[in-house]
Amino acid sequence: MKQRLPVITIFLGSLLLFGVQPMLGRTLLPSFGGTAAVWTVCLAAYQTLLLAGYFYAHTISRRAMRTQRVAHTVLMVLAAVWTAGFALCRPVLKAWIGNSAAPALEVLFCVLAIVGLPYVLLSAGSTLVQAWLARGAAAGGGVYRLYAVSNLGSFAGLLVYPFLMEPYVSLTAQWWGFAVCLAVYAALLWRTGACAATSDSPITSDSSDWSDSSDSSGNAWLWFVLPAVSVFALNAVTAHLTLDVMPLPLLWVVLLGLFLLSYVVGFSGRAERHLVVWQLLSVLSVLATALVHRRSGAGGGFMLNLSACLALCFFGSTFLHTWLYALRPRTGRLTLYYLGNAAGGAVGGLLASLVAPMVFTRVTEFPIAMALVAAAGVMYVFFTRGVPKVARAACVVLALGALAAFVVSVRPKSGDRPVVWRERGFFGTLQVLEAKARTSTGDGVIREFVHGNTVHGIQALIPGKERMPTTYFTPQSGGYAVLAHPKYRTGEPMRVNILGLGVGVMLCYARTNDVYRCYEISPEALSVARNPELFTFVSGCPAQVELIMKDARKGLEEELAAGVEPYDVIQIDAFTGDNLPYHLSTREAFELYFKMLKPDGILAVNISNWHLSLEPFVKSVGESFGCPVLGLATENDFGRLAFAAKFAFFCRTPEKLAPPPRGVAQLDFRRQKSMPLPTDEKGSFVSTIKWK
């Protein structure tokens, strides 16, 4: 047992370290509109805390063994108490989070405040245990391989969360469980330190685990640069893939899991023998990613792009981390080595997650990451002795091919429409495209508003066509929510609430006596909708239009508490592309929608989605609330600027609705399998993913 104790301690600490990452992301998502940017900022915060942990380990390791044990164990107990306090106060604190005008900085602050202390201590634990063992052993070179155990524990922590914790364990129980596990880990640390203080350390010496050449100051700078490139690439790939994909912890887990697996492989000691092979695979993955870069987004191109990005994340990181392992120093500089590793990761993470969104209007950090990985491969073969000439030639060919593919991928297509406006914010990248149009009524332009890769509105700025409903909101699809209501047919005033304004295409159905209240969480999107020089749906609307920049659920909760009059129609347009904000999709969210809906009102949900099958979810909502649901599916009609769409219409009085539009297919929800309806505390949408 004594020989296994360090392994168990390091494994548990790393499991907790990376298990808390998706748990905290899942906790913060509802407060910040469910945007994937929450996770990328969290990654930068985690890297910064990791640096603080390694600096703490480097500093405290100079003290006497007993001093280290006592100080570190006491702080770990305090971290357990702090976590228990957050678990107790979380329901109250939730209302205070997510209200700042600088959401990225607020997310960063939340991470530091909530898990700062336990994260720093957990990140220091593996390094300290290795340092203790190295001090207790006659020659401690073998401790470097415990870093692979550490990353294996981290990998296990990531796998446990989406498949065992998130679907079945409430968030409250997760946080209490984390606090208890911290206390258990503190006890294991105390015992491990006591064992390491003896002369018969269980870690055996292995002189082959040293790299004499890396002790020279000429190579120490790579301890910083290599992890900086790998973390920058990880964050850039994450930003690229979550541009339109639902910010599921599962996707985060896959990317971060591959990243950790690359550390396991790189620090296992075996990959070093085949470092040239990993280098070639790394450059080859850059070439493959560059070739499919243009095809990301809708349709079949996304899965191809996903596969290439996963290959880049794994092979690129494995090469960089194996090279990093090859440059390991003697254990006398162990803590400094890990400190350089953490510092590089922190800088790379901050550059990709915080600096890049402020500097670039597109996800430019992604092609930069590809270029950096390829450059690292070229640098290795030309600045490392003993690399075969064949490998150097192959690397040059692959690098030139990647460069050519990259240049082609970023060049505009011949048919690309001009971009008349572009911006990037916390909630994604946005742009307005324009194309000239000529019709029998006159000449004009067609403007298209794109959020990431998802079209969120089109307007035909042509005489007589300005108020023509387009995209998902034609009379045969989303527009049916208003047209089918009996008040619309009798000319009575209507109250309509839209969750996700876009550019306001649904305002085409507004009349002078109607009230339309629209929630939009993105300030950039709201500025586009309000700008009459870009779109006129809002400025030309005859109804009373109330535009509110706020998370829709928070806004409706405030309305319910204030006793605001319910609505005739509530339309949810937050699920398109592949963006499915979790907090807008839970049992509690739909309970709120139905409370804010009049007895004969219509709740319309746009379930058009590239990679998620939401029909089982719709069926579960209808069954849970005992509300009939009508599903309509339309096809593309580009002549009318109409997109293929699927809508679900919930109404407790379906007999009062207008007949469904002719020629429109109806969805048969009876043939769908029910799924457990997620709640605010637990649940998952993994079962809705279209794997084929």
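Placing a pseudo-label 7 Å from each Cα along the Cα-to-Cβ vector at Arg511 and Arg670 gives an inter-label distance of 3.5 nm. Using DSSP, restrict attention to beta bridges with both residues in the chain and report what percent are antiparallel, rounded to the nearest 5. So the antiparallel bridges in the chain amount to around 65 percent.
Placing unit charges on the Cβ atoms only, positive for Lys and Arg and negative for Asp and Glu, gives the chain a dipole magnitude near 1320 debye about its Cα centre.
Multiplying the sequence separation of Met303 and Leu105 by 0.36 nm and subtracting their Cα-Cα distance, what value in nm do you get?
68.0 nm
When the alpha carbon gyration tensor of segment 407-562 is reduced to an equivalent ellipsoid, its three semi-axes come out at 28, 21, 12 angstrom, largest first.
May I ask you to derive the FRET efficiency for Glu655 and Trp176 from their Cβ-Cβ distance with R0 = 60 Å, giving the value to the nearest 0.05? Write out the running numbers ahead of the final one.
Values: r = 48 Å, r/R0 = 0.81.
Efficiency for this residue pair is about 0.80.
When only DSSP loop residues count, what trypsin sites (Lys or Arg not before Pro) in segment 1-67 have their Cβ near at most 10 other Cβ atoms within 10 Å? Loop-located and lightly packed - Arg4, Arg62. With R₀ set to 35 Å, the beta-carbon distance separating Cys627 from Thr439 gives a calculated FRET efficiency near 0.25. By accessible area, using a 1.4 Å probe on protein heavy atoms only, the chain has 63% of its surface on carbon and sulfur. Normalised size of segment 311-412, defined as Cα radius of gyration per 2.2 N^0.38 Å with N residues, equals 1.27.
Which value, in debye to the nearest 20, describes the size of the charge dipole of segment 448-588 about its Cα centre when Lys and Arg Cβ atoms bear +1, Asp and Glu Cβ atoms bear -1, and nothing else is charged? Walk me through the intermediate numbers first.
Values: 12 positive and 17 negative charges, 72 e Å.
That gives segment 448-588 a dipole magnitude of about 340 debye.
Computed packing ranks the peptides 636-645, 661-670 as 636-645, 661-670, most packed first, by mean other Cβ atoms within 10 Å. Considering only alpha-carbon pairs that sit under 8 angstrom and 6 or more positions apart, the relative contact order computed for the chain is 13 percent. Per the Debye formula on identical point scatterers at the alpha carbon atoms of the chain, with no solvent, log10 I(q)/I(0) at q = 0.05, 0.09, 0.10 Å⁻¹ is -0.27, -0.82, -0.97. Could you run the Debye sum over the Cα atoms of segment 443-488, one equal point scatterer each and no solvent, and tell me log10 of I(q)/I(0) at q = 0.15, 0.27, 0.29 Å⁻¹, two decimals? The calculated log intensity ratios at q = 0.15, 0.27, 0.29 Å⁻¹ are -0.48, -0.96, -1.00. FRET efficiency for the Glu588 to Lys389 pair, using the beta carbon distance and R₀ = 45 Å, is estimated at 0.10. Taking the charge dipole of the chain about its Cα centre, with +1 at Lys and Arg Cβ atoms and -1 at Asp and Glu Cβ atoms, the residue from Val292, Val169, Trp221 reaching farthest to the positive side is Trp221. Computed over protein heavy atoms with a 1.4 angstrom probe, the accessible surface ordering of Lys673, Lys94, Lys436, largest first, is Lys436, Lys673, Lys94.
Computed across segment 511-650, the Kirkwood hydrodynamic radius from all distinct Cα-Cα pairs reaches 16.5 Å. Note on Ile8 and Gln544: the model spin-label points, each 7 Å out from Cα along the C-beta direction, lie 6.8 nm apart. Taking 0.36 nm per residue of sequence separation and removing the Cα-Cα distance, the Thr361/Val81 pair yields an extension gain of 96.6 nm.
Shown here is the pair-distance distribution of segment 35-114: with all Cα-Cα distances grouped in 5 Å bins from zero up to the longest one, the shares run 3, 12, 16, 19, 19, 13, 9, 6, 3, 0 percent.
Once you reduce segment 647-675 and segment 444-462 to the center of their Cα atoms, the two points are 28 Å from each other. From most to least packed by mean Cβ count within 10 Å, the peptides 624-630, 452-458 give 452-458, 624-630. Taking 17 Å as the straight-line reach from the Cα of Lys465, the lysines in range (excluding those fewer than 8 positions away in the same chain) are Lys436.
Between the C-alpha center of segment 542-556 and that of segment 33-108 there is a gap of 35 Å. Checking the cross-link pairs Lys598/Lys656; Lys554/Lys682; Lys619/Lys690; Lys94/Lys598 against a 23 Å limit on the alpha carbon distance flags Lys94/Lys598 as lying beyond it. In this rough spin-label picture, where each label sits 7 Å from Cα along the Cβ direction, the Ala95-Arg489 distance is 4.3 nm.
Positive end of the charge dipole of the chain (Lys, Arg +1 and Asp, Glu -1 on Cβ, about the Cα centre): tell me which of Ala460, Met506, Gly34 has its Cα farthest that way. It is Gly34, whose Cα lies furthest towards the positive end.
Think of the chain as a dipole: +1 on every Lys or Arg Cβ, -1 on every Asp or Glu Cβ, centred on the Cα centre; then among Phe625, Leu51, Val387, Val387 lies furthest on the positive end. Relative to its Kirkwood radius, the Cα radius of gyration of segment 588-692 gives an Rg/Rh of 0.97.
Taking 0.36 nm per residue of separation and subtracting the Cα-Cα distance, full extension of the segment from Thr59 to Glu466 would add 139.9 nm.
The relative contact order of segment 501-581 comes to 31 percent, based on Cα pairs under 8 Å that sit 6 or more residues apart.
Give me the orientation-averaged projected area of the Cα convex hull of segment 492-592, in nm², one decimal. Provide the component values of the computation, followed by the final result.
Details: hull surface 26.5 nm².
Projected over every direction and averaged, the Cα hull of segment 492-592 covers 6.6 nm².
When you count the other C-beta atoms within 10 angstrom of each residue and take the mean per peptide, 152-160, 592-600, 351-359 line up highest first as 152-160, 351-359, 592-600.
The values are calculated or read from the model by the stated rules, or taken from the named source; none is laboratory data. These numbers were taken from a predicted model, which means no experiment stands behind them. All Cβ positions, even for glycine, are placed from backbone atoms using ideal geometry, and neighbour counts span all protein chains on display. Remember, those area values only see protein heavy atoms, side chains included, never the ligands or the DNA or RNA. Shrake-Rupley method; radii C 1.70, N 1.55, O 1.52, S 1.80 Å.
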